[in-house]
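Presented below is the structure to which this report refers.
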Amino acid sequence: MKHHLLTRILVIWSLFLTACLVMLLAASFWFYVLDTPHPIVFNNLPFPVSRESYRPGDTVEYIVDRCRNTEQPATFTTTLVGPTKVFFWPQLSGISTTGCTVATVQRQLPAELLPGTYTIEGRSDFQVNSFALRSVPWMTVEFEVTP
């Protein structure tokens with residue numbers, strides 16, 4: 001009789017410990033993978049550009065109002081999207097401090113660009129922890145390229 005009671009207590013205790021472990025793993029998964037804070041927040045999407053019209057080879061300036069919530073390194077991908085062509089600027093990587101800033105970003109248009117309506121689009125990628133990569137997309141307002 002004592003042997004059966006002891007076996008039942010051990011089984012119940014083992015089930016309890018297993019349930020606690022599963023709950024701990026689920027909470028860790030939620031915290032580290034699913035519920036990471038937004039690494040960056042853009043407050044003025046789509047970003048305004050300094051002029052409505054540009055010529056090939058001109059420099060486009062756009063205003064970025066952002067709040068960065070992490071000091072994790074980021075990779076920035078920037079693309080010029082237009083009617084007949086997509087142009088990729090080189091990727092940039094960097095570390096920045098947390099906080100809110102407003103910055104003017106400059107991108108030179110390719111000299112061989114055809115006339116049309118374009119936007120500059122991009123993505124900021126953050127490896128927020130060992131398991132999660134957060135990508136935050138952004139874009140400028142449309143602007144014209146004239147001959």
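Bear in mind that the values in this text are calculations on the coordinates, not laboratory data. The structure presented is a predicted model; accordingly, all values stated were derived computationally and were not measured. Every residue, glycine as well, gets a Cβ built from its backbone with ideal geometry; the counts of neighbours run over all protein chains shown.
Key figures for this structure:
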item	result
Selection count, the stretch 122-143, where residues are surrounded by 14 or more Cβ atoms within 10 Å (Cβ to Cβ) and either in contact with an Asp or Glu (Cβ under 6 Å, 6 or more places away or on another chain) or not in a loop (DSSP other than H, G, I, E, B) (or both)	12
Per-region count, the stretch 40-54, residues outside any strand (DSSP E or B), of a type in the set (Ser, Thr, Tyr) and in contact (Cβ under 8 Å) with a residue 60 or more places away in the chain	0
Filter result (under 22 Å from Asn43 (Cα atoms) and among the aromatic types (Phe, Trp, Tyr)) within the stretch 96-147	Tyr118, Phe126, Trp138, Phe143
The stretch 57-77 - residue that is without any contact (Cβ under 8 Å) to a residue 40 or more places away in the chain and acidic (Asp, Glu) and, of those, farthest from Gln91 (Cα to Cα)	Asp65
Selection from the stretch 109-121 of residues that are within 17 Å of Pro147 (Cβ to Cβ), touching a Leu at 6+ places or on another chain (Cβ under 9 Å) and part of a strand (DSSP E or B)	Tyr118
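The rows are residues; the columns are (1) under 24 Å from Arg55 (Cα atoms); (2) under 17 Å from the mean Cα position of the chain (by Cα).
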{"position": "Thr97", "(1), (2)": "no, yes"}
{"position": "Val105", "(1), (2)": "yes, no"}
{"position": "Leu109", "(1), (2)": "yes, no"}
{"position": "Glu121", "(1), (2)": "yes, yes"}
